[in-house]
1. Can you tell me how the range 41-105 classifies by the Cα gyration tensor, rounded, prolate or oblate, using a/c under 1.5 as the rounded cut?
2. Bins of 10 Å, beginning at zero and ending with the bin holding the largest distance: percent of Cα pairs per bin for the range 2-110, please.
3. Counting pairs of alpha carbon atoms under 8 Å apart in space and at least six apart in sequence, what relative contact order in percent does the chain give?
4. Classify the range 16-77 as rounded, prolate or oblate, taking a ≥ b ≥ c as the square roots of the eigenvalues of its Cα gyration tensor: rounded when a/c is under 1.5, otherwise prolate if a/b is larger than b/c and oblate if not.
5. Kindly put H64, H94 in sequence by how many other C-beta atoms sit within 10 Å of each C-beta, fewest to most.
6. Would you mind checking the tilt of helix 63-75 against the longest principal axis of the Cα atoms of the chain, expressed as 0 to 90 degrees and rounded to 10?
7. Aspartates and glutamates within cross-link reach of K31: Cα-Cα under 15 Å, excluding same-chain residues under 8 positions apart?
8. Rounded, prolate or oblate for the range 4-47? Axes are the square roots of the Cα gyration tensor eigenvalues, ordered a ≥ b ≥ c, and the cut-off for rounded is a/c under 1.5.
Amino acid sequence: MLHRAEEATKSVDRVLHVQSDRPTDWNAAGKAMLARKDFGLADDSERAERYYREALKLNPKFAHAFYNLGKLLQSQNRDEEGEQLISQALQIDHLIGEEVEAQRAVLQSRS
């Protein structure tokens, strides 16, 4: 299973770099890299961070990417940088935190 997961990760990386100019794709891929732990695999925080940053290059006002990157950095004890990014997300969309937390609650209730 580990080999398949690694191959899938490499495939996602190749497809994104060749075909995607949509920030939502990069943001979703970042979330997927962190969700690997739900399948018993190590998350790929480094790749997730790169994906979120690419989403922000493509759309510098993409609140979800700011928020997700901020939360990731906070989980790595990079609190100051994480807080700045979350603040930027909230400046763009003041409901982003509530929306994301509500989505997480729904997903956790399904588990």
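1. Rounded.
2. For the range 2-110, the binned pair fractions read 15, 44, 34, 7, 0 percent.
3. Reported as a whole number, the value is 17 percent.
4. Here the range 16-77 falls in the oblate category.
5. Ascending Cβ contact count within 10 Å gives the list H94, H64.
6. It works out to around 80 degrees.
7. K31 reaches D13, D43, D44, E46, E49, E54, E101.
8. Verdict is oblate for the range 4-47.
Every number here is computed from the coordinates shown, using simple stated rules; none is lab data. Computed from a predicted model, the values in this text were never measured in an experiment. Using ideal geometry, Cβ is built from the backbone for each residue, glycine included, and neighbour counts are taken over all protein chains shown.
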